[in-house]
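Q: Below is the structure I would like to discuss, written out as structure tokens.
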Amino acid sequence: MAKDAVYLMHCSPRCTAKSKRSGVRCCNPAVKGWAVCRMHGARSGAKPGSDHPNFRHGLRTKEALSLRAQVMELVRESREIAQILGV
Ligand SMILES: [Zn+2]
């Protein structure tokens, strides 16, 4: 129990965010299941993937980009081998 707690609600978990300027903690009540309060990012943001509201076609997902990079690396290697063999 906190020292200066007046009501039981004052004993609830507190926001762990710290001010950029003063370094003082926020100390608003944290949202249930989160370490921060509603003003410091709890419940914010959408999950990445096809459920994201800005998802269009999936051509620019991390998986698609890495797959494309792997294919381009294979093409580059095959060109080097073809150049060595003189094909
Ligand atoms: Zn906060």
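No value in this document is a laboratory result; all are computed from the given coordinates. None of these values were measured; they are calculated from a predicted model. Cβ atoms come from the backbone with ideal geometry, glycine included; neighbour counts cover every protein chain shown.
Q: Given 0.36 nm per residue, what is the gain on full extension from Ala69 to Cys11 after removing their alpha carbon distance, in nm?
A: So the chain would gain 15.7 nm between Ala69 and Cys11.
Q: Using Cα atoms only, what is the angle between the long axis of helix 62-85 and the major principal axis of the chain, expressed in degrees (0 to 90) to the nearest 10?
A: Roughly 30 degrees, rounded to the nearest 10.
Q: Report the relative contact order of segment 1-45, percent, no decimals, based on alpha-carbon pairs under 8 angstrom and at least 6 residues apart.
A: 28 percent
Q: Across the chain, how many lysine pairs separated by 8 or more positions, or lying on different chains, have Cα atoms within less than 29 Å?
A: 9
Q: If you take the Cα atoms of the chain, find Rg, then find the Kirkwood Rh from the mean of 1/r over all pairs, what is Rg/Rh?
A: That ratio is 1.41, to two decimals.
Q: Given an 8 Å cut-off on Cα distances and at least 6 residues of separation, report the relative contact order of the chain as a percent.
A: Values: 62 pairs, mean separation 12.0, N = 87.
Relative contact order comes out at 14 percent.
Q: Something else about it: Return the distance in nm (one decimal) between the two label points of a simple spin-label model at Lys32 and Glu80, each offset 7 Å from Cα along Cα→Cβ.
A: Here the modelled spin labels are 5.7 nm apart.
Q: Tell me what the chain gives for mean residue ellipticity at 222 nm when only DSSP H runs of n ≥ 4 count, each as -39,500 (n - 2.57), the sum divided by the residue total, rounded to 500 deg cm²/dmol. Present the calculation step by step, with values, prior to reporting the outcome.
A: Working: 1 runs with 24 residues, N = 87.
Calculated mean residue ellipticity at 222 nm is -9500 deg cm²/dmol.
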